[in-house]
Amino acid sequence: MRAAVVTVSDRSFRGERPDVSGPVLVRLLDASHAQVVESTVVPDDIARIAETLIRLADEACCELIITTGGTGLSPRDVTPEATKQVIEKSLPGMEEAIRQDSLRHTPFAMLSRAVVGVRGRTLIINMPGSPKAVEECFLVVQPVLEHAVTLLRDENPYAAAHPSHP
């Protein structure tokens with residue numbers, strides 16, 4: 001699957017702090033045999049985040065985009081708002097699964113506003129900004145990523161597993 005990672009951080013965008021969560025996601029996606037076609041850093045700005053998601057989904061034809069950062073309560077945390085602007089379908093089950101598992105690790109997970117949804121044939125997943133949380137959240141969604149992308153490609157996953165059946 002073609003994948004992209006978007007780190008949302010004013011400080012990393014300005015070069016004041018290294019992006020540590022983005023590389024974790026790239027490593028996890030590589031280990032999952034995804035083809036990471038782009039990893040980028042954008043500021044905490046709704047328009048810039050939305051433009052990046054649209055470009056990656058519509059022009060770069062990414063099948064999976066994972067964002068990291070900007071999902072909390074601070075005034076500059078706007079990743080969920082930007083994501084909601086560009087998705088056509090929400091996936092509350094994935095959102096709930098991530099938050100439920102995250103609550104096992106920290107009570108602060110209940111403050112997450114992360115969104116998961118679909119734009120066209122692209123799955124977009126918001127994750128927190130910490131490397132540890134990114135790793136934990138990725139492990140929650142990893143088992144369903146390939147199946148989700150197969151469904152978005154409009155392929156029949158049953159037919160692929162059972163070629164003798166139509």
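What to note about this one:
- Taken together, the residues in region 109-166 that are assigned to a loop (DSSP other than H, G, I, E, B), in contact with an Asp or Glu (Cβ under 8 Å, 6 or more places away or on another chain) and modelled with pLDDT of 95 or more amount to 5.
- Some residue of region 52-72 being on the phi > 0 side of the Ramachandran plot, within 14 Å of the chain's Cα centre (by Cα) and not aromatic (Phe, Trp, Tyr): yes
- Selected residue (criterion: farthest from LEU151 (Cα to Cα)) from residues of region 3-15 that are touching a Ser or Thr at 6+ places or on another chain (Cβ under 9 Å) and outside any helix (DSSP H, G or I): SER9
- Filtering region 62-76 to residues that are crowded, with 18+ Cβ neighbours inside 10 Å and not β-branched (Val, Ile, Thr) leaves CYS62, GLU63, LEU64, GLY69, GLY70.
- Within region 124-154, being closer than 22 Å to SER9 by Cβ, buried (at least 18 other Cβ atoms within 10 Å of the Cβ) and not aromatic (Phe, Trp, Tyr) holds for ILE124, ILE125, ASN126, MET127, PRO128, GLY129, ALA133, VAL134, GLU136, CYS137, VAL141.
- Annotation: ASP19 fulfils all but one of (1) more than 14 Å from the chain's Cα centre (by Cα); (2) under 21 Å from ARG119 (Cα atoms); (3) among the acidic types (Asp, Glu); the unmet one is (2).
- Enumeration of residues in region 101-141 that are within 19 Å of PRO75 (Cβ to Cβ) and free of Cβ contacts under 8 Å to residues at least 12 places away in the same chain: PHE108
- Residue count for region 92-102, restricted to those that are farther than 11 Å from ALA133 by Cα and either among the hydrophobic types (A, V, I, L, M, F, W, C) or touching a His at 6+ places or on another chain (Cβ under 6 Å) (or both): 2
The values are calculated or read from the model by the stated rules, or taken from the named source; none is laboratory data. Everything numeric in this text was worked out from a predicted model, so none of it was measured. Neighbour counts run over all protein chains shown; Cβ positions are idealised from the backbone, glycine included.
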